[in-house]
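The values are calculated or read from the model by the stated rules, or taken from the named source; none is laboratory data. In this text, all values refer to a predicted model and were calculated from it rather than measured experimentally. Here Cβ is always computed from backbone atoms with ideal geometry, including for glycine, and neighbour counts include all displayed protein chains. For the accessible areas, the whole protein counts, side chains as well, though only heavy atoms, and no ligand, DNA or RNA atoms are used. Shrake-Rupley method; radii C 1.70, N 1.55, O 1.52, S 1.80 Å.
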Amino acid sequence: MKKILDNLITLSGWEIIEKGYDKSGVIISGSNFMTGNGYLGYRGTAAEEGKEDYAGCFVTDTWDKADGKWEELCNVPNALFTEIYCDDIKLSPKKATVNEYQRKLNLKNGVTSISFIMEPVQFSEEKFASLFNIHIIPQKITIKTDRKTKLKVVEGIDADVWNLNGNHLKEIKFGNIDDMLYAESITCEKAQTIAVLSKTVISNIDLSNSPIEEKAYKYTRTVEFETDANQEITIIKYMICYHSNNVKNPLEHCLADSKNLNYNDLRKLNDKIWEENWRRYDIEINGNIQDELAVRYNTYQSIIATPIHDSLPVGARGLSCQAYQGAAFWDQEIFNLPMYLFTNPEVAKKMLIYRYNTLDGARRKAKRLGYEGAYYAWISGKTGDELCPDFFFKDVITGRPIRNHFNDWQIHITPDIAYSIWQYYELTDDYEFLRDYGAEIIFECARFLSSHVVYKPRKDRYEFVKIQGPDEYHENVENNAFTNYQAYFNFEKALRTIEILSDNDLDKISKKINLLEWEIKLFKEIYRKLYLPQPNEEGVIEQFDHYFMLEDVVPASKIKERLIRDDEYYGWPNGVALFTQSIKQADIIQLFFVHPELFEIDIIKANYEYYESRTLHFSSLSPSVYSIIASRTGHIDEAYKNFVKSVYIDLKNTNEAISGGTFIGGIHTAASGAAWQMIVKGFAGFKIQNEQIYLDPVLPEEWKSISFNLFLDGNTYQIIIDRKEMKIQFEKRNEKYSKLIVKDTLYALNTGKTIIPF
Ligand code: IFM
């Protein structure tokens, strides 16, 4: 598989372009050039490509277990399938002259396109997942031949799709109505109906007499005609998809949407919505257009992964493939939610309501494992029941499956969700949200933690044992500092919520979840006596009990020399990292990322310096966290280095697609969300504390300026930072966020523009 996609970056700041077809890179380029809208994700493959090219259209809310093992999203039948033969020779990018092949993704409007020349034909196709109607993907193919030719178009639906864990579609029923082809399939486990419809218009050609056939899970129509030299033929196809988790009769909905479709109109509407998106989320970087493009690319991936039409999870690989089961991890709250929180809080709220809707699943998990309250799933789909299989990775040397304990020991997911609830509430003052959703989550999370924590009488303190922190290579640890602090925060906010809620509201919620007086007392007791690991004499906090006693391998990457095979799993129960201080990803540093206010900067710096050389960054979540903390601790070069590592993860394909025998490729959606945070929280030094805006900018050497928008309390703040000054502009005055602190100096913000020289 090709490692780095050459020629991928263009200088327009808005497009990624790949020149020259490379078969070995299709698994990556399919993800990189994908189009999507939060409901579905369609990989950036050509219309004629199939499962061997990793073509795929993954649709949210279609979780299904094909082989009784892993639940994952369905790859639905491909209703954009089109093969074109010119004088009986099939057109294919694979056969195109290398120089004449180009694949492009326009981030401005989510249009992904492919063009190539295969004598005598010039071929181009473009498609986009509509943001106007999320069930439709319009596709336009244009062909021009420089001589008279015989063309044959075989187009329709390809239901023989790529799956990671077995075939999800059974009972596929093909049919046609009014010249449109459709496939209705029933999923294996849950018997959901998925309908796709293919509507086609080929220039002025009447399709009604073209033969239709069903063969090898494909349902296609063959249209044959002649073209003159230089005549342009246009094939417009619309793929429409519905499933029975959304609507009662999916096919009827497809048919209803197929009326009055117009490619150009849909394109215009789509462009407009993208324009609005970019007005809200775009970050400009003046001075390095590649970095600007890379940040945009990540923001684009973040947007198309987020199901804003509903309260559904943001998958750890978005909708780019089935890896990580199309489901949410803590990535959703800690990495993806903050961009929305500060630019479009309504979306953040929807993401949190998803956690409310899945409380019962979290309660079931807690109960199953012998706890109380809500223990959120490590991998969470529609219901919130745990989707993470017991055996995730494999010992590639013995071939035996590894019992990873992500699903029962990585408890920090629960307080991480409570933390995000609080972040949203604190920023928006949305009391109704706290009353209707947030409080119940915070209480149930605290309840879970109170049923997990262990009281050590001799030390007269509470501790967490048999847990796993963010660093997944060290399982079964005690008092992972990140987890303990997050739990502490959870108890604190549970107690604070009790103070904030009106008596009546508290009474109602307490009755609903049977929250008793003694439990509240217990929360208080644990809050007072929870063990919070403190910095040692050098200012460094031990990641978990006895971590400092493990073999110290510096730099962490030296443990690679101990591998027997490159694809070995490094962690539990026998990996090369286990008995060393080499950690997979940010852990203590993750603590400063979520709680920048907890420690003095010297402590944060000491920890950054200690843990940086011991971190392998083998999770896509890690470099961004280090980048932000490096910005804050004066390590600007390292902040930039880790920024680069993070924003180019997918563009340059730097992370392994397969680890411990498991496919974990696709778009790294947490890194996508982190791009925004690295600029805004890292380089611009933005935070909110006590209703005051803090900015403390440090720009990497080659950047001249950055600009972005924040949406706080109904008001858009436009911020431009260069080396000499900072400009802040907004329309209406807010009581709440009317003070700005820049490098310890307080400024009052007034309507219009405020300029702060450095
Ligand atoms: O949530 C992460 C985890 O922290 C590291 N492994 C991959 C998961 C999904 O991104």
Looking only at the stretch 270-286, count every residue that is outside any helix (DSSP H, G or I) and either touching a strand residue (DSSP E or B) at 6+ places or on another chain (Cβ under 7 Å) or over 20 Å from N709 (Cβ atoms) (or both) and tell me the total. 4
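Results for (1) modelled with pLDDT of 95 or more; (2) within 16 Å of the ligand (Cβ to nearest atom), shown as yes or no for each residue.
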position: F548; (1), (2): yes, no
position: V553; (1), (2): yes, no
position: E561; (1), (2): yes, no
position: Y569; (1), (2): no, yes
position: A586; (1), (2): yes, yes
position: F592; (1), (2): yes, no
Total residues in the stretch 21-49, condition open to solvent by less than 10 Å² (accessible area, probe 1.4 Å), outside any helix (DSSP H, G or I) and farther than 18 Å from K108 by Cα: 6
Out of all the residues in the stretch 386-400, which are under 11 Å from G660 (Cα atoms), in a loop (DSSP other than H, G, I, E, B) and open to solvent by less than 70 Å² (accessible area, probe 1.4 Å)? D395, V396, G399
Sort through F58, F128, F132 and tell me the only one that's under 18 Å from T200 (Cβ atoms) and aromatic (F, W, Y). F128
Residue satisfying all of: in the stretch 594-604; over 14 Å from N536 (Cβ atoms) and in contact (Cβ under 8 Å) with a residue 60 or more places away in the chain; surrounded by the fewest Cβ atoms within 10 Å (Cβ to Cβ) among these: E597
Only residues that are closer than 30 Å to Y340 by Cβ, within 16 Å of the ligand (Cβ to nearest atom) and not aliphatic (A, V, I, L, M): list them for the stretch 424-476, please. Q468, G469, P470, D471, E472
Checked against (1) under 22 Å from the mean Cα position of the chain (by Cα); (2) open to solvent by 50 Å² or more (accessible area, probe 1.4 Å), F579 satisfies every condition except (1)
State which residue pairs qualify: first residue closer than 12 Å to D178 by Cα and touching a residue at least 40 places away in the same chain (Cβ under 8 Å) and inside the stretch 190-213, second residue open to solvent by less than 10 Å² (accessible area, probe 1.4 Å) and acidic (D, E) in any location, beta carbons under 9 Å apart, and separation of 6 or more residues or different chains. S198/E155; T200/E155
Could you check, for the stretch 628-643, whether at least one of its residues is open to solvent by 10 Å² or more (accessible area, probe 1.4 Å), away from the ligand (no atom under 16 Å from the Cβ), more than 24 Å from A294 (Cα to Cα) and not β-branched (V, I, T)? no
Between a first residue in the stretch 578-590 that is without any contact (Cβ under 8 Å) to a residue 24 or more places away in the chain and a second residue that is within 15 Å of the ligand (Cβ to nearest atom) and part of a strand (DSSP E or B), which pairs have beta carbons less than 6 Å apart while being 6 or more apart in sequence or on different chains? none
So if I check each of I177, I172, I114, which one is open to solvent by 20 Å² or more (accessible area, probe 1.4 Å) and in contact with a Pro (Cβ under 8 Å, 6 or more places away or on another chain)? I172
When Y419 is evaluated against the numbered criteria (1) open to solvent by 10 Å² or more (accessible area, probe 1.4 Å); (2) within 13 Å of the ligand (Cβ to nearest atom), which criterion, by number, is the only one it fails? (2)
What's the number of the condition Y217 fails, among (1) open to solvent by 60 Å² or more (accessible area, probe 1.4 Å); (2) under 18 Å from V154 (Cβ atoms); (3) in contact with a helix residue (DSSP H, G or I) (Cβ under 9 Å, 6 or more places away or on another chain)? (3)
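For (1) in a strand (DSSP E or B); (2) under 20 Å from A630 (Cα atoms); (3) among the small types (G, A, S), each residue gets a yes or a no:
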| site | (1), (2), (3) |
| --- | --- |
| K681 | no, yes, no |
| G685 | no, yes, yes |
| Y694 | yes, yes, no |
| I719 | yes, no, no |
Counted residues, the stretch 654-704 - those being more than 15 Å from the ligand (Cβ to nearest atom), out of contact with any helix residue (DSSP H, G or I) (no Cβ under 9 Å at 6 or more places or on another chain) and among the β-branched types (V, I, T): 1
Give the stretch 303-345 a look and list any residue that's within 11 Å of the ligand (Cβ to nearest atom), open to solvent by 10 Å² or more (accessible area, probe 1.4 Å) and not in a helix (DSSP H, G or I), or say none. R317, F329
Return yes when L621 is farther than 30 Å from P307 by Cα, within 13 Å of the ligand (Cβ to nearest atom) and out of contact with any Leu (no Cβ under 8 Å at 6 or more places or on another chain) and no when it is not. no
